[in-house]
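Since the structure comes first, as structure tokens, the remarks are kept for the end.
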Amino acid sequence: MKKSNFISLDSLSLQDFDENSELIPLMTPEDEEKIAKEELPESLPILSLRNTVLFPGVVIPITAGRDKSIKLINDANKGEKVIGVVSQIDEEVEDPKAEELHQVGTVARILKVLKMPDGNTTVIIQGKKRFEIDTVITEEPYIKATVKEVPQATPAKKNKEFAAIIDSIKELAVQIIKDSPNIPTEATFAIKNIKSDAFLINFVSSNMNLSVDEKQALLEINDLKERALETLRFMNVEFQKLELKNDIQSKVQSDLNQQQREYFLNQQLKTIQEELGGGNAEEIEAMKKRAKTKKWDKKVKEHFEKELAKIQRMNPQVAEYSIQRNYLDLFLDLPWGKFSKDKFDLKRAEKILDRDHYGLDDVKKRIIEHLAVLKLRNDMKSPIICLYGPPGVGKTSLGKSVAEALGREYVRMSLGGLRDEAEIRGHRKTYIGAMPGRILQSLKKAGTSNPVFVLDEIDKLSNSNQGDPSSALLEVLDPEQNSEFHDNFLEMGYDLSKVMFIATTNSLNTIQPALRDRMEIINVTGYTIEEKVEIAKRHLLPKQLKEHGLTDKHIKIAKPQLEKIVEGYTRESGVRGLEKQIAKMVRYAAKNIAMEQDYNIKISNDDIIEILGGPKLERDKYENNNVAGVVTGLAWTRVGGDILFIESILSKGKGSLNITGNLGKVMKESSTIAMEYIKAHAEELGIDPDVFEKYNVHIHVPEGATPKDGPSAGVTMLTSLVSLFTQRKVKKSLAMTGEITLRGKVLPVGGIKEKILAAKRAKIKEILLCEDNRRDIEEIKPEYLNGLTFHYVSDMLEVVDIAITDQKVKNAKKL
């Protein structure tokens, strides 16, 4: 049932529902008898109702907005105050014709007419008896028609069945009023005080939640008992709906109460925070929105929600608030589960690697192998590659090419001078200014969890009282552990297993052994003169022209001139120094163009000397073999291979041995071993043993400002001393490298390819090596070995036989 209409529209207050109410009287059986005896007028003005039905005896307010309706009410109010009220068939029709109205309606008496502030007219009417439209007299200015009364069949007073129906209606109406929150409880009083059965049925029918058609059908039922049964049926349906609705509401009541409680508490908390120094609701809401887009597993999601709840309880003014916000921002910015798709076009990858780097065949081969396996399995853990070689050979730039070939993001992190473990693992959140480690920061910038990550200069890590960063890298660079890399700031494991790490180093000696063991070492050797010329032509010159705003029309450097620059002005395994010299050449052209001066576009040898000065590295050339005790050795340094001159001289004395040239412990030991071996085998070497007691020996390695160490100079020192004591020449254009022992054995050494390149730069023709180094020579491309002859030895006496000729040096001393 809907809210009762028993309200005074005059005073807008609830009236007492009894027989003394003048405005809305309750109809009694006596009133019904009186009305039944009244005769209907021959004709009535017809008022159409849009969305309701008027029942006999019921009082309802009607708001009239149409001009016809207002005029009808005003005219009737001045006269008999009796009108006919009929419902429209279609309530959407604005100005209904007679045929668009129901035929059965109710005669009504106008109780009161009110003018409303909005211009409409509200009229309070009370139904009297039913009628049926007979003939329409006119439709202007409003409908007027002749009517006839519709008789009503009323059961006898002693009809027990009808009485039972009436009692059921009353009881059910009271129950509905009691259970419905929208109906005032005063309506119960009205129901109980209704004496007329017909009025009770009409009153309940008028106030039920029924459609206009359903109410009209009830109005048109002539038999009162039948109308009572139909009314009771509708009431039962409504009561069942009400019970179901209340049942559902009771089930969700506790949940709603809990939600409301949390809402009010949150609102209070928000107000308190705003009073204390500004709210953070917008930030929290934005974080929640971003969190919905993340591909987190259950564990990560629960951790984030816990930390988010923590910041909601914080005052934005406290210091911990900014740390917590930075923490949550990092959580949202990290590319959890976000991976770029690898490109498995191996031919395209080969083209990119060949385009960007000339040479480096072993490295390119390894990258292509990795791509091939990844293409077949699609779930392979990324390897940890370490590119080992001298500076300037393209180790770092190779990482960019690998990233482009794979279609991955590129990240570079320089480790040179890094001495704080927190740079790798991050700080704990409890510290002021806490930040995540640079590993996670780099991944955040990359935006994916599988970039190509270059760890530059891994050999230059240092340690301090802040910890050992190289030890912290053990977890990062271990494919078996880095799937759960723990950052102190993040406080959770992060998967690094899909990241392709590429480390670069100039030396393996300074890398922690455990760290070196976790990486796959790929030796990136230096370049030959021919390779440097090609690199200069293909990469360095075009790059410098672009950087200086020139084109190849402004300056041309042919291969012979590039070779002259390489041989006379660079002394390195890489090409950084060569690039600097080419930059000088390009700047020379840029200066002349800017000053509008004439210059040779095609660079000649004379132009090179004019621009770069005289050749600076002629000292690298092999010197001569006219002096006893001077031998050329081959050495490996951090900048690649180099030639090394060892000089020795005799002076009158008591057989002491002096060594100079800023040598390390190992080289000093090599000279001592060589000296003792010569003393032990003097007769076999053709040396008078008395010489060792009459002369002092002084060994010197030039360029004393440069520290030198290592076992590779053993055979060179031996040869130098034998040449000195025998005063015989060393073989022309010969260089050597190898370690010696007291037993007379020659041991293999490393850095062979770099040493071979250094020998070629110095115009050496023959090279003496340990027999065990033969396999290193076989791995070098044949074109690198053109013009070289190799001698493989395993004993010191073999060294002497090959290296020292029978020819005496000029001005040989008599010992």
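Coordinate-derived values only; no laboratory data. All figures in this text were calculated on a predicted structure; none of them were measured in a lab. Note that each Cβ is placed from the backbone with ideal geometry, even for glycine, and that neighbours are counted across all protein chains shown.
If you find the alpha carbon centre of region 351-422 and of region 62-102, how far apart are they in angstrom?
First find each Cα centre; the distance between them is then 90 Å.
With r defined as the distance between the Cβ atoms of Ala583 and Gln481 and R0 fixed at 51 Å, what FRET efficiency is calculated, to the nearest 0.05?
E(calc), rounded to 0.05, equals 0.70.
Jot down the radius of gyration and Dmax of region 529-612, Cα atoms only, both in angstrom.
11.9, 38
Could you work out the helix-only [θ] at 222 nm for the chain, with each DSSP H run of four or more residues adding -39,500 (n - 2.57) and the total divided by the number of residues, to the nearest 500 deg cm²/dmol?
Helices in the chain give a 222 nm mean residue ellipticity of -13000 deg cm²/dmol.
Could you order peptides 350-362, 189-201 by the average number of other Cβ atoms within 10 Å of their residues, highest first?
Going by the mean number of other Cβ atoms within 10 Å, highest first, we get 189-201, 350-362.
Residue-wise, which Karplus ³J(HN,Hα) couplings in Hz belong to region 425-434, taking 6.51 cos²θ - 1.76 cosθ + 1.60, θ = phi - 60°, and x for glycine or proline?
For region 425-434, the Karplus-derived couplings read 9, x, 9, 6, 5, 6, 8, 5, x, 4 Hz, x marking Gly and Pro.
Where does helix 197-207 land angle-wise versus the long Cα axis of the chain, in degrees 0 to 90, nearest 10?
The angle comes out at about 30 degrees.
Once fully extended, how much extra length lies between Lys251 and Glu132, figured as 0.36 nm per residue of separation less the alpha-carbon to alpha-carbon distance?
Extending this stretch completely gives an extra 37.9 nm.
Under the 0.36 nm per residue contour assumption, what length would be gained going from the current alpha-carbon distance of Thr146 and Asp795 to full extension?
My answer for the length gained is 219.3 nm.
No solvent, one uniform scatterer per C-alpha: report log10 I(q)/I(0) for region 310-365 via the Debye equation at q = 0.17 1/Å, two decimals.
-0.69
Could you tell me the extents of region 278-419's C-alpha atoms along the three principal axes, largest first, rounded to whole Å?
62, 38, 21
Please list, in order, the residues from region 777-815 whose amide nitrogen is less than 19 Å from a point placed 7 Å along the Cα→Cβ vector of Lys652.
Only 812-815 fall inside the zone, counting backbone N under 19 Å.
What percent antiparallel are the DSSP beta bridges of the chain, to the nearest 5?
Approximately 55 percent, going by the DSSP bridge assignments.
Subtracting the Cα-Cα distance from 0.36 nm times the residue separation, let me have the gained length for Ala434 to Gln103 in nm, one decimal.
Full extension from Ala434 to Gln103 adds 110.6 nm.
If you take the Cα Rg of region 678-815 and divide it by 2.2 N^0.38 Å, with N the number of residues, what do you get?
Here the answer is 1.10, to two decimals.
Whole-Å semi-axes of region 427-566's equivalent ellipsoid, largest first, each the root of 5 times a Cα gyration tensor eigenvalue?
So the equivalent ellipsoid measures 41, 20, 14 Å along its semi-axes.
Nearest-5 percent of antiparallel DSSP beta bridges in region 630-808?
For region 630-808, the DSSP antiparallel bridge percentage is about 55.
Using only Cα atoms, what Kirkwood radius does region 160-235 have, in angstroms?
12.6
Only Cα pairs under 8 Å and at least 6 apart count here; give the relative contact order of the chain as a rounded whole percent.
So the answer I get is 7 percent.
If only Cα atoms are counted, what is the Rg of region 346-523, and what is its Dmax, in Å?
Considering region 346-523 through its Cα atoms, Rg and Dmax are 16.1, 51 Å.
When the distances between all Cα atoms of region 385-488 are binned every 10 Å from zero, what whole-number percent does each bin get?
Distribution as computed: 14, 44, 35, 7, 0 percent.
Sequence neighbours fewer than 8 away in the same chain don't count; with that in mind, list the lysines whose C-alpha is under 16 Å from Lys158.
Straight-distance partners of Lys158: Lys195, Lys225.
I'd like the FRET efficiency for Lys616 and Tyr410, computed as 1/(1 + (r/R0)^6) with the beta carbon distance as r and R0 of 51 Å, rounded to 0.05.
0.90
Sort 317-330, 41-54, 428-441 by packing, meaning the average of other beta carbons within 10 Å per residue, with the highest value first.
41-54, 428-441, 317-330
Provide Rg and Dmax in Å for region 102-241, with only Cα atoms included in the calculation.
17.4, 52
Ranked highest first by average number of other Cβ atoms within 10 Å, how do 465-477, 560-572, 388-400, 332-344 line up?
388-400, 560-572, 465-477, 332-344
Hey, for a label at Lys294 modelled as a point 7 Å past Cα toward Cβ, could you say which residues of region 326-345 have their backbone N under 15 Å away?
Hits in region 326-345 for Lys294 at 15 Å: 326-338.
With Kirkwood's inverse mean 1/r over C-alpha pairs for Rh, give me the Rg to Rh ratio of the chain, two decimals please.
The Rg/Rh ratio comes out at 1.42.
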